[in-house]
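These notes concern the structure reproduced below.
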Amino acid sequence: MGGDPGSADPATIGPVLAEGGDRTASVSDMAAPPAETAVIWDGWVRLVHWLIVLLFAVSWYTHGGNLEWHRYAGYGLLTLVLFRIYWGFAGSTTARFSHFVTGPAATIRYARTLLRRTSATRVGHNPLGAIAIVLLLALLLTQCLIGLFVTDIDGLESGPLSAWVSFDTGRLLSEWHGRIFRALQALVAIHVVAILFYLIVRRDNLIGPMLTGRKHLVERVEPLRLDRWWHGAAALIVVAVLVLAVVRTG
């Protein structure tokens, strides 16, 4: 995922966004050269993002065959999603929901500018991207939780907590497990199309910063507050232990 997660010192990372600061770096002089490359994503955001991509692909590939690995992928996804939700409240500036979740008015204003090839550079998720992130996390969380209780038709390959519900309830949850998965497939497809749209139409590369954590900005902004790497590591370990404990109760 590129480097030690969150190991950069806020005093040395260069010009980036501060907590509560302006979320958009606008061009004051169209002829001015770009400012230095800035850190906009911490290591934990990037690591969790790409691990979710990987485990979602594994879950997709194994759902009709190797159900043991399907369950392992589900446990991993549940751990990552719970951690990302925690990091959305306690992590670095651009990881926090308070930084990128906006109201309807701001979202509509931003949507009206979609087809404009503007020189402004937004630091972090834009309002439409925020909707996708919240929906993805909510659907993934629901999908993983339901998966703990599902029952297959023979009752042989069921979720670890399937004994806590009746057979009929387990089968109903299995049906919803499939429906939510199809909704996730559609949302992932929309996400990919949106990335291509930004790359081709708006000339805004969203993939590079999610790999390196850095982005070229058109104007200097204030320093981003990066949490220490051990904060994220400790939180991830705690969440993983809790998920493992819940799974083993079945």
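The values are calculated or read from the model by the stated rules, or taken from the named source; none is laboratory data. Keep in mind it's a predicted model, so treat the numbers as computed, not measured. Reconstructed Cβ throughout: ideal geometry from the backbone, glycine too, with neighbour counts over all protein chains shown. All accessible areas refer to the heavy atoms of the entire protein, side chains included, with ligands and DNA or RNA removed. Shrake-Rupley method; radii C 1.70, N 1.55, O 1.52, S 1.80 Å.
Here is how the numbers come out for the structure above:
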item: Accessible area per residue in Å² at 1.4 Å probe, computed on segment 46-149; result: 48 Å²
item: Note, ³J(HN,Hα) from phi for segment 101-115, Karplus 6.51, -1.76, 1.60, rounded to Hz, x at Gly and Pro; result: 7, 10, x, x, 5, 5, 5, 5, 4, 5, 4, 5, 9, 4, 8
item: Heavy-atom accessible surface of segment 74-127: percent carbon and sulfur, 1.4 Å; result: 62 percent
item: Nearest-20 debye value, segment 111-250 charge dipole, Cβ charges on Lys, Arg, Asp, Glu; result: 980 debye
item: Accessible solvent surface per residue of segment 151-214, calculated while the other protein chains remain in place, 1.4 angstrom probe, Å²; result: 61 Å²
item: Segment 138-243 - percent of accessible surface contributed by carbon and sulfur, probe 1.4 Å; result: 70 percent
item: Cα lying deepest toward the dipole's positive end in segment 167-219, options His191, Leu173, Val201, charges on Cβ; result: Val201
